[in-house]
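A short write-up of the structure that comes next.
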Amino acid sequence: MTDGDDQVRATKLISVAVVLALIATGCSGSSDDRGSSDGRTPPPGSPAGTDAFYKQRLSWKDCGGGFQCATAQVPVDYTKPTNGRLSISLIRLPAERKSDRIGSLFTNPGGPGGSGVDFIRQTARSFGQDLRNRFDIIGFDPRGVGASDPVRCLDGSQLDRYFSTDTTPDDPGELEALASQSEGFAKGCQSKSASRLPYVGTLNAARDMDVLRAAVGDEKLTYYGASYGTYLGAFYAEQFPKSVRALVLDGAVDPRISSTQLLIEQAKGFETALNAFADDCVTNQLDCPLGTSRAAVIRNITDFLSDLDEAPLKNTKDSRKVTESWATTGIATALYAKGFWPVLRQAFAQAEQQKDGTLFLTLADQLIERKPNGTYSNQTEANMAVNCVDKPNPANLAQYRKSVDQAKKVSPLFGPFVVWGGLGCVYWPVQTKQPPKPITAKGSPPILVIGTLRDPATPYKWAQSLASQLDSGTLLTLDGDGHTAYLQGNPCISKATHDYLITAKPPREGTVCR
């Protein structure tokens, strides 16, 4: 579930609804980009062969709608840069005022697994006019994602079965089925993508970003990352602090916490967002099918999901039954953005009055990027592949179950659903022994961290933690709901973000936007 996704958010929801329809073009060759020689030099101590990637120049081609696309080359393994290469797809919306152009604004919509190419094609013009005047707005598919040598594991029908599986097992049979599906997912990835799995982690993706910075001719990086994109941006700053110009980390992930603790705290975030939805529902009593108090709304949702465990609902889209897992995924999707709360109320009303779960399934399909023809983007597969190699995982099912029990205590409705969703990492063929640790990015210029008080997917305390870890971190707070803050339309957040990206000077520490 990590987006920490890993975007049905201001950024998430916009991004996951996009259908993968873009093929990026171009390779090395002549270019209109020219940067300083310093910007094209590999970091000190880089292995022989790295310089060829830093010195490449991109050939941008028109790809419709005012966008330009290109492909960059990066090494599969940065410790052995001559042993194979991967292709990274990019897209950009060129700066509208060449005379005012500062450089490139790189972006990442989160996930892990979200397509940065699709994100920019969909949202680039939602970035402020001040930014569009001064920056080429750039998106890219990180290694293993979208059009960048994607990880593949399961076909559409197999993913349908995976997502239908009960993630709140009540008996040994349901637990065995869940373990079997999770192990099958991991084996599918090993079968179809074994050569990619060791190299798709965030450490290498951050190194790729430095190569891309050089390839577009920028001496230093300007970047906006949402959700998981904050983790990627923090990893970049830790490795290349002197190459940072300005980083916005919106909806922060805390790099210090373990893989299972991250899921537990994320479940608590969804519980907080559900309470906010319940309060909002109660204030709209004429449109609320769930009760007249927060307690009644939560109780009725819990009972509704329990009933689905025994008797799934029909849907009018296809032959799938709307199980407890599908409905919970749909609920979680709507909690990413407050603008979808009326749709969620409608989904409950439809289920109650017509015994129809179509709206829950529609919401769920947006989050997991399932297309009407039954195929999926590789967002789910890339999400699992990156998460499983980034941090150590429990060694077996028994150890993992302890984390589920802990999650259920602090988040009764979402705890088991969220934490069991990461069970595939127990069976993952590639494991790391490197423990999580704080990121300080010592020596970097100011970095702006944005947190939303009632963010369901990246709890506000993660933003507080990351801002405090970074030697030069500044925290900007949105007193609001939904996942991430920028692109939500809040004028205070927009102005602070634009001013910082243009001037590289952060807002006053402790600034709160309401």
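The values are calculated or read from the model by the stated rules, or taken from the named source; none is laboratory data. Every value quoted in this text rests on a predicted model; they were computed, and no experiment measured them. Backbone-built Cβ (ideal geometry, glycine too); neighbour counts: all protein chains shown.
Of the residues D307, D280, only one is exposed (fewer than 15 other Cβ atoms within 10 Å of the Cβ), part of a helix (DSSP H, G or I) and not polar (S, T, N, Q); which? Quick ask: steps written out before the conclusion?
Details: D280 fails: exposed (fewer than 15 other Cβ atoms within 10 Å of the Cβ).
Residue meeting the stated conditions: D307.
Can you tell me which residues in the range 393-422 are buried (at least 16 other Cβ atoms within 10 Å of the Cβ) and not in a helix (DSSP H, G or I)?
Once the filter is applied, which keeps residues that are buried (at least 16 other Cβ atoms within 10 Å of the Cβ) and not in a helix (DSSP H, G or I), the range 393-422 yields N393, P394, S411, L413, F414, G421, G422.
Would you point out the residue of the range 191-233, among those that are under 14 Å from the mean Cα position of the chain (by Cα) and part of a helix (DSSP H, G or I), that is nearest to G443 (Cα to Cα)?
The qualifying residue nearest to G443 (Cα to Cα) is G233.
For the range 490-500, how many residues are closer than 19 Å to L105 by Cα and surrounded by fewer than 19 Cβ atoms within 10 Å (Cβ to Cβ)?
3
When you look at Q469, is it touching a Lys or Arg at 6+ places or on another chain (Cβ under 9 Å) and at pLDDT below 95, yes or no?
On the way: touching a Lys or Arg at 6+ places or on another chain (Cβ under 9 Å): yes; at pLDDT below 95: no.
No, not satisfied.
Among (1) outside the structural domain of G269 (by TED's automatic domain parsing); (2) modelled with pLDDT of 95 or more, there is one condition V418 misses while meeting the rest; what is its number?
Evaluating V418 over (1) outside the structural domain of G269 (by TED's automatic domain parsing); (2) modelled with pLDDT of 95 or more leaves (1) as the failure.
Yes or no, residue by residue, for (1) of a type in the set (D, E); (2) closer than 12 Å to G251 by Cβ; (3) surrounded by 20 or more Cβ atoms within 10 Å (Cβ to Cβ); (4) more than 16 Å from the chain's Cα centre (by Cα):
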| position | (1), (2), (3), (4) |
| --- | --- |
| I447 | no, no, yes, yes |
| I450 | no, yes, yes, no |
| A457 | no, yes, yes, no |
| L466 | no, yes, yes, yes |
| L475 | no, no, yes, yes |
| H483 | no, yes, yes, no |
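Let me spell it out: the conditions are (1) buried (at least 23 other Cβ atoms within 10 Å of the Cβ); (2) of a type in the set (S, T, N, Q); (3) farther than 29 Å from T71 by Cα, and S164 meets all of them except one. Which number is the exception?
Unmet condition: (1).
I'm trying to understand the selection: among the residues of the range 301-320, which are touching a Phe, Trp or Tyr at 6+ places or on another chain (Cβ under 8 Å) and over 12 Å from G357 (Cβ atoms)?
Scanning the range 301-320 gives a single hit, I301.
Which pairs have Cβ atoms under 7 Å, sit 6 or more apart or on different chains, and link a residue in the range 490-514 that is part of a helix (DSSP H, G or I) to one that is of a type in the set (D, E)?
Listed by first residue and then by second, the contacts come to H498/D130; I502/D130.
For the range 77-105, which positions are surrounded by fewer than 18 Cβ atoms within 10 Å (Cβ to Cβ) and under 21 Å from Y54 (Cα atoms)?
D77, T79, K80, T82, N83, G84, R85, S87
Of all residues being in a loop (DSSP other than H, G, I, E, B) and of a type in the set (F, W, Y) in the range 49-81, which is nearest to D118 (Cα to Cα)? Just the residue, please.
F67
Condition first: in a loop (DSSP other than H, G, I, E, B), under 28 Å from T458 (Cβ atoms) and out of contact with any Pro (no Cβ under 9 Å at 6 or more places or on another chain). Can you find one or more residues in the range 311-319 that meet it?
Restricting attention to the range 311-319, the residues satisfying the condition of being in a loop (DSSP other than H, G, I, E, B) are 311-312, 315-319.
Now drop any that are not under 28 Å from T458 (Cβ atoms), which leaves none.
No, the range 311-319 contains no residue that is in a loop (DSSP other than H, G, I, E, B), under 28 Å from T458 (Cβ atoms) and out of contact with any Pro (no Cβ under 9 Å at 6 or more places or on another chain).
Give the range 109-132 a look and list any residue that's crowded, with 24+ Cβ neighbours inside 10 Å and either on the phi > 0 side of the Ramachandran plot or assigned to a loop (DSSP other than H, G, I, E, B) (or both), or say none.
Within the range 109-132, P109, G110, G111, P112, G113, G114, S115 meet the criteria.
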